[in-house]
Amino acid sequence: MRSTKRLRAGLILAAAGAIAATFAMILSSSATAGTTLGGSAAEKGRYFGAAVGTYKFGDNTYMTVLNREFNSLVPENEMKWDATEPQQGRFNFSAGDRIVSHARSRGMSVRGHTLLWHAQQPGWAQGLSGGDLRNAAINHVTQTAAHFRGQIYAWDVVNEAFADGGSGGRRDSNLQRTGNDWIEAAFRAARNADPGAKLCYNDYNTDGINAKSTGIYNMVRDFKSRGVPIDCVGLQSHLGTGIDSSYQANLQRFADLGVDVQITELDVMQGGNQANIYATVARSCLAVSRCTGITVWGVRDCDSWRGSDNALLFDCAGNKKPAYDAVLRELNQGNPIPTTPNTSPRTTPPTTPPTIGPGGCTATVSVNQWNGGFVANVRVTAGSSAINGWRVTLALPSGATVTGAWSANRSGNTGTVQWTNVDYNGRAAAGQSTEFGFQATGTAGVLNPFCAAS
């Protein structure tokens, strides 16, 4: 995960309804299969994407290459926490919406990047800790994923949470200090907010079998064994002048856990071996049936965060480099994903039947439960007439305590809790819905919300 103006020296030294429809559009892209990166990848059931920034959308050369060559986009910065929630509870998705709109208009898929990361947090989040930060983080995941619900192929739910070096352990960060289960809580909240998106963990310096990638491997294995919703692992692959000999084996061992693998931020230092390294990455992905796609981190060399490394497939004039030819050749020769792929299991959050209250509104609730706590998302739907405000009454099981909430006011934390709308979500047209949510300790059991229009 890169900010367009930041280099990490250690990295260089280390040298679904709408989603299904979008992916179907990719496979029938108007680009000529075999002559463009996206077209050739689509022939193999995969995507070949690029990281983009809206600040480049007025550059004709940039847009010509982007629209011709790629069938997937990922925002460089437009969906990160500092961009989407610059003030607590005040969200701005306009830049991300612009990228999604462009992608969907051209039949491209979108990778969402990223919901939680220790870097590029807004100042107000950097000033929080403990339960306040945990609640704010879960709210951010929920609100952001819910806003883009049905429009994102895969989310980088958590980014770069493991430390460099030989420990294989977690990175010390303000998020990690909220409790070791913060990654699990984020994935559960993301599944609740957007059940159709693939949920990924993304990190760098994981291109071979090493202590860091093994720490991540152990986390994914644990998540799969306990039913934590994780669908994919992203390898950033910011490479220097060489590539780890265990690159493909590393992809395969994650795939063997029952998750997809994706090359999420590929770039390679220019030199005599650049084309060969790019080709090796493409060939390795195509050899692993659950490697579903490759994203390069930028379009042209002059758009790259790596400056003079000239690490991408096109020069600044938009000309194809030898590395481009090497990648296209591997894509054309590669293996397609099997017709019936081994897909990871999905858990659909249970939803209570609607309870009809006076005043023409209903409420339903979906829950993601983990050991010791849960996140609940409540949907309020107007009946045959519009409503201007609502009140939801919800009886919590014994032992359950609300620790945080979003998009609603509440009275109480235990027992029977009443929730009322805030200023921006009280109105709903006939048949339309609005939502709020909360996090709690304990066990959810069966929740039966009762709605009344106020």
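The values are calculated or read from the model by the stated rules, or taken from the named source; none is laboratory data. These numbers were taken from a predicted model, which means no experiment stands behind them. Cβ: placed from backbone, ideal geometry, glycine included. Neighbour counts: every protein chain shown. Note: accessible area is taken over every heavy atom of the protein model, side chains too, but ligands, DNA and RNA are not part of it. Shrake-Rupley method; radii C 1.70, N 1.55, O 1.52, S 1.80 Å.
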Q | Selection count where residues are open to solvent by less than 20 Å² (accessible area, probe 1.4 Å) and assigned to a strand (DSSP E or B), scope region 371-401 | A | 12
Q) Looking only at residues in region 161-195 that are open to solvent by 10 Å² or more (accessible area, probe 1.4 Å) and of a type in the set (Asp, Glu), which one is farthest from THR142 (Cα to Cα)? A) ASP164
Q. Name the residues in region 54-76 that are in contact with a Ser or Thr (Cβ under 6 Å, 6 or more places away or on another chain) and closer than 30 Å to ALA125 by Cα, would you?
A. VAL74, GLU76
(Q) The conditions are (1) modelled with pLDDT of 85 or more; (2) of a type outside the set (D, E, K, R); (3) under 26 Å from PRO229 (Cβ atoms), and THR362 fails exactly one of them. Which is it? (A) (3)
Q: Report yes if some residue within region 218-228 is touching a helix residue (DSSP H, G or I) at 6+ places or on another chain (Cβ under 9 Å), in the same structural domain as LEU266 (by the TED database) and buried (at least 22 other Cβ atoms within 10 Å of the Cβ); otherwise report no.
A: no
(Q) Go through region 402-454 and report how many residues are open to solvent by less than 40 Å² (accessible area, probe 1.4 Å) and among the hydroxyl-bearing types (Ser, Thr, Tyr). (A) 2
